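Participant: Please find one structure pasted underneath; my questions will follow.
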Amino acid sequence: MTPLVLVMLVLLAAVETLAAYISRVYSEFGKILSREVQENLDAWENHVEPLLGLSREHAALCAAILQQLALGIIALEFGALLFNRAPHLGPPTYGEIAQAVLAVILIVIFCNQFFALAPVQPHAWPVGRAPHLARSDAPLDGHAHQRLHPLLLLRRRPC
């Protein structure tokens, strides 16, 4: 695997992760949610959506398409790695094919669930990191607990 292919796979995995997060955010709109989640959706709606320049429906559709497109390119790249190799190596073995399929499955699982599995503490953003996510009712006195964390949307609640 060349460094260029590795960089491309990492970038595509990052795109897959970001698109999955955006799709997940838009799937939460319209549901009855806890106060923390609703505050984060409001912050997304007020601060991030205007920067996108798209309507909510178009942004959700673009994120879903981008997610599938990134996954398709990742699968194609693994296929190219398997079948585009020196002739003296012969065709790929069943083990190599299974390894490529497993890699694609692991990328899907990890990238789609990355933000759901990441440990998130409420109000954990440092002051200087994300000033656009400050609560409008919170004083800006330099305390980290006065900030919202966008990943609270995906925190799993116990059953």
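Values in this text are rule-based calculations from the coordinates and carry no lab data. Predicted model, so just to flag it, every value in this text is computed and none were measured. Please note: Cβ atoms are built from the backbone with ideal geometry, for glycine as well, and neighbour counts cover all protein chains shown.
Participant: Find how much the distance from ALA103 to ILE73 grows on full extension, using 0.36 nm per residue of separation minus their present alpha carbon separation; answer in nm with one decimal. Please list the in-between numbers first.
Facilitator: Values: separation 30, 0.36 × 30 = 10.80 nm, distance 1.33 nm.
Extending this stretch completely gives an extra 9.5 nm.
Participant: Identify the trypsin sites (Lys or Arg not before Pro) of region 22-102 meeting these criteria: DSSP loop state and at most 16 other C-beta atoms within 10 Å of the C-beta.
Facilitator: Numbers: sites: ARG24, LYS31, ARG35, ARG56, ARG85; in loops: LYS31, ARG85.
Answer by residue number: LYS31, ARG85.
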